[in-house]
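The values are calculated or read from the model by the stated rules, or taken from the named source; none is laboratory data. All values derive from a computational prediction rather than experimental measurement. All Cβ positions, even for glycine, are placed from backbone atoms using ideal geometry, and neighbour counts span all protein chains on display.
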């Protein structure tokens with residue numbers, strides 16, 4: 001098995017910066033790549049803020065925070081991945097975008113490097129088939145927020161070797177994460193269960209069964225969920241929720257996975273949740289208020 005010393009992460013959004021954070025905290029040298037300088041600058045501030053929060057809660061020491069920051073480098077040139085041992089794609093949940101990234105990674109990384117996708121729903125076998133090393137390709141689905149959530153779904157494609165799977169288990173152990181092994185079916189385990197629930201909550205709103213506030217309160221107090229499904233959808237991103245529902249609907253051909261028309265409408269309006277300031281709640285003032 002190739003020893004993992006340096007990890008490249010593609011995509012500096014909420015998932016990518018979280019993955020970079022936990023990998024650097026675990027002692028790996030990390031290169032965080034994005035096409036946008038602004039995204040990298042934002043990621044740097046997010047990582048530093050989250051590390052400071054961990055220090056304040058006495059989860060890590062100030063020295064560990066400093067070491068973590070020092071181990072992360074950032075740039076927009078994927079040529080910097082020339083010596084990475086593992087490259088993790090953490091871009092938007094759109095298959096053509098991911099395929100294009102892996103085409104670039106094949107050129108930028110050593111032949112011995114492992115490739116992984118943080119996809120939350122797309123076929124690992126299909127993504128792996130677009131590369132020159134499907135046997136060294138695996139799904140590593142981290143949960144959001146990555147520094148807090150303890151789970152990694154590990155998904156083997158049809159061609160994934162046992163060596164690559166063992167690498168993923170060793171990585172998860174070093175990151176202090178718990179592994180859930182998922183078969184390579186649409187949306188894997190977590191989102192196969194979670195997204196239809198969120199979609200059904202949107203249908204409940206769409207059909208007037210309850211208000212945004214009523215639905216979220218009912219599920220928090222009636223089912224003991226820490227966050228209501230519509231609030232959670234805003235946190236995840238409504239565009240991501242819609243993409244996963246579309247993968248489920250297309251991949252399993254079952255009408256129970258049909259995305260709610262109201263979810264589609266919100267995405268078409270650009271109301272994607274917290275990241276755009278509006279979703280099922282309006283976040284532009286200090287206290288979020290329902291938009292419907």
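Which residues, counting only those in region 272-281, are in contact with a helix residue (DSSP H, G or I) (Cβ under 7 Å, 6 or more places away or on another chain) and either in a loop (DSSP other than H, G, I, E, B) or modelled with pLDDT under 95 (or both)?
Step one: filter region 272-281 for residues in contact with a helix residue (DSSP H, G or I) (Cβ under 7 Å, 6 or more places away or on another chain), giving 272-274, 279-281.
Listed by number, the residues that qualify are 272, 274, 279, 280.
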Residues in region 169-182 that are surrounded by 13 or more Cβ atoms within 10 Å (Cβ to Cβ), touching a strand residue (DSSP E or B) at 6+ places or on another chain (Cβ under 7 Å) and within 12 Å of residue 142 (Cβ to Cβ): how many? 4
Working only within region 183-199, note down all residues that are loosely packed, with under 14 Cβ neighbours inside 10 Å and under 13 Å from residue 156 (Cα atoms). 183
Of the residues in region 87-111, how many are under 17 Å from residue 17 (Cβ atoms) and in contact with a strand residue (DSSP E or B) (Cβ under 7 Å, 6 or more places away or on another chain)? 6
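Out of all the residues in region 99-126, which are part of a helix (DSSP H, G or I) and touching a helix residue (DSSP H, G or I) at 6+ places or on another chain (Cβ under 6 Å)? Lay out the reasoning, then the answer.
Here is the first cut: in region 99-126, the residues part of a helix (DSSP H, G or I) are 99-108, 124-126.
Those that are part of a helix (DSSP H, G or I) and touching a helix residue (DSSP H, G or I) at 6+ places or on another chain (Cβ under 6 Å): 104, 108.
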Residue 284 passes all but one of the listed conditions (1) exposed (fewer than 15 other Cβ atoms within 10 Å of the Cβ); (2) modelled with pLDDT of 95 or more; (3) assigned to a loop (DSSP other than H, G, I, E, B); the exception is number (2)
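Kindly evaluate residue 76 against the criterion of being surrounded by fewer than 23 Cβ atoms within 10 Å (Cβ to Cβ), at pLDDT below 95 and touching a strand residue (DSSP E or B) at 6+ places or on another chain (Cβ under 8 Å). Outline the logic, then answer.
Numbers: surrounded by fewer than 23 Cβ atoms within 10 Å (Cβ to Cβ): yes; at pLDDT below 95: yes; touching a strand residue (DSSP E or B) at 6+ places or on another chain (Cβ under 8 Å): yes.
So residue 76 fits the description; yes.
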Looking at this structure, is residue 275 outside the structural domain of residue 121 (by TED's automatic domain parsing) and under 30 Å from residue 43 (Cα atoms)? yes
Enumeration of residues in region 240-261 that are in a helix (DSSP H, G or I), touching a residue at least 40 places away in the same chain (Cβ under 8 Å) and crowded, with 17+ Cβ neighbours inside 10 Å: 240, 241, 243, 244, 245, 247, 248, 257
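Based on what the data block shows, is residue 130 in the same structural domain as residue 20 (by TED's automatic domain parsing), touching a helix residue (DSSP H, G or I) at 6+ places or on another chain (Cβ under 7 Å) and more than 30 Å from residue 46 (Cα to Cα)?
Working: in the same structural domain as residue 20 (by TED's automatic domain parsing): yes; touching a helix residue (DSSP H, G or I) at 6+ places or on another chain (Cβ under 7 Å): yes; more than 30 Å from residue 46 (Cα to Cα): yes.
In short, yes.
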